[in-house]
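Please see the structure below; I have some questions.
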Amino acid sequence: MFSPVENVTAIEQATVALLTELHMSGGDLVLSADFAKRGIKSGAAYSWVGPELVAGSQDAVDRIVEAITLAS
């Protein structure tokens, strides 16, 4: 069983790995990120954060895309 901190780290690792593979296989990471940010703001089915975390979540999407783009 993961502790909450280990679980967050595992989720972060899985997210970056998945998105890196999407990018490396020719998927449009920037377009996907734009859709994800809109989904976070509009309350899409995969979004569960409250209004106070929307901007931070959108910023996190941008930071992940930047890191993946620079690394590949």
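Any read-out appearing in this document is the output of simple, stated calculations on the displayed coordinates, not a laboratory observation. Model, not experiment: these values are computed from the prediction. When we count neighbours, we look across all protein chains shown, and the Cβ atoms used for this are built from the backbone with ideal geometry, even at glycine.
Scan the range 17-55 for residues that are in a loop (DSSP other than H, G, I, E, B) and closer than 23 Å to T69 by Cα and jot them down.
Across the range 17-55, the qualifying residues are S25, G26, G27, D28.
Of E12, E21, E66, E52, which residue is loosely packed, with under 10 Cβ neighbours inside 10 Å and either among the acidic types (D, E) or in contact with an Asp or Glu (Cβ under 9 Å, 6 or more places away or on another chain) (or both)?
E52
Test S47 against the criterion of being polar (S, T, N, Q), on the phi < 0 side of the Ramachandran plot and surrounded by fewer than 12 Cβ atoms within 10 Å (Cβ to Cβ), and give yes or no.
When the stated conditions are applied, S47 does not pass them.
Of D34, D62, which residue is of a type in the set (D, E, K, R) and touching a residue at least 12 places away in the same chain (Cβ under 8 Å)?
Testing whether each residue is of a type in the set (D, E, K, R) and touching a residue at least 12 places away in the same chain (Cβ under 8 Å) leaves just D62.
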